[in-house]
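**Student:** The structure's right below; bear with me while I get my questions together.
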Amino acid sequence: TLLGKPSDKIDFFQNDPNPFSSSTIINYFLPEATTNATLVVYELSSGKKIQEIELHQTGNGKVTFNADHLTAGTYTYKIISSQEQTELKKMVVVK
């Protein structure tokens, strides 16, 4: 939210830490009217969908993303809902 006013748009932030080896946190904001929101992670080089995480909490929330099953590389992620989708952000996995 900006200056204490509720936002009507989905917002999300760069994962922290980035780069990371095991897990990282992605903070987000979902307006109350948001339905069917999902955080989707893709492999950058192929565009292949790696994982989908359903987001049930409106308002401010966070996801801990575990990368133990991934190889080192660059991945992208975005939030998709019934109402809108966000731009892609990049995260780097190091092993």
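**Student:** List the aspartates and glutamates whose alpha-carbon lies under 18 Å from that of Lys48, not counting same-chain residues fewer than 8 positions away?
**Tutor:** Straight-line reach from Lys48, under 18 Å: Asp68, Glu87.
**Student:** Work out the P(r) tail for the chain: percent of alpha carbon pairs separated by more than 17 Å, whole number. Let's see the in-between values first.
**Tutor:** Values: 2112 of 4465 pairs.
Percentage above 17 Å: 47.
**Student:** Mean separation of Cα pairs under 8 Å and 6+ residues apart, divided by the residue count of the chain: what relative contact order is that in percent?
**Tutor:** Once normalised by length, the contact order is 32 percent.
**Student:** Which of Val94, Asn18, Gln83 sits farthest toward the positive end of the charge dipole of the chain, with +1 on the Cβ of Lys and Arg and -1 on the Cβ of Asp and Glu?
**Tutor:** Working it through, the farthest residue towards the positive pole turns out to be Val94.
**Student:** Sticking with this one: Determine ³J(HN,Hα), in whole Hz, for all residues of segment 79-89 in sequence, where each value follows from phi through the Karplus function 6.51 cos²θ - 1.76 cosθ + 1.60 and θ = phi - 60°; x replaces Gly and Pro.
**Tutor:** Running phi through 6.51 cos²θ - 1.76 cosθ + 1.60 with θ = phi - 60° gives 10, 10, 9, 5, 8, 6, 9, 9, 6, 6, 10 Hz.
**Student:** Quick one: dipole size for the chain, taken about the Cα centre, charges +1 on Lys/Arg Cβ and -1 on Asp/Glu Cβ, in debye to the nearest 20.
**Tutor:** 240 debye
**Student:** May I pose another question? Would you kindly calculate the mean projected area, averaged across all directions, of the convex hull enclosing the Cα atoms of segment 18-64, in square nanometres?
**Tutor:** Details: hull surface 15.5 nm².
Across all orientations, segment 18-64 yields a mean hull projection of 3.9 nm².
**Student:** Given H placed on each backbone N at 1.01 Å, which residues far from Gln83 in sequence or on other chains put an amide H within less than 5 Å of it?
**Tutor:** Excluding prolines and chain starts, which carry no amide H, the hits are Thr35.
**Student:** Out of Thr24, Thr34, Thr64, any idea which swings most in a Gaussian network model of the chain, alpha carbons joined below 10 Å?
**Tutor:** Of the options given, Thr64 has the highest mean-square fluctuation.
Coordinate-derived values only; no laboratory data. Note that this is a predicted model, so its numbers are computed, not measured. All Cβ positions, glycine included, derive from the backbone under ideal geometry; neighbour counts span all protein chains shown.
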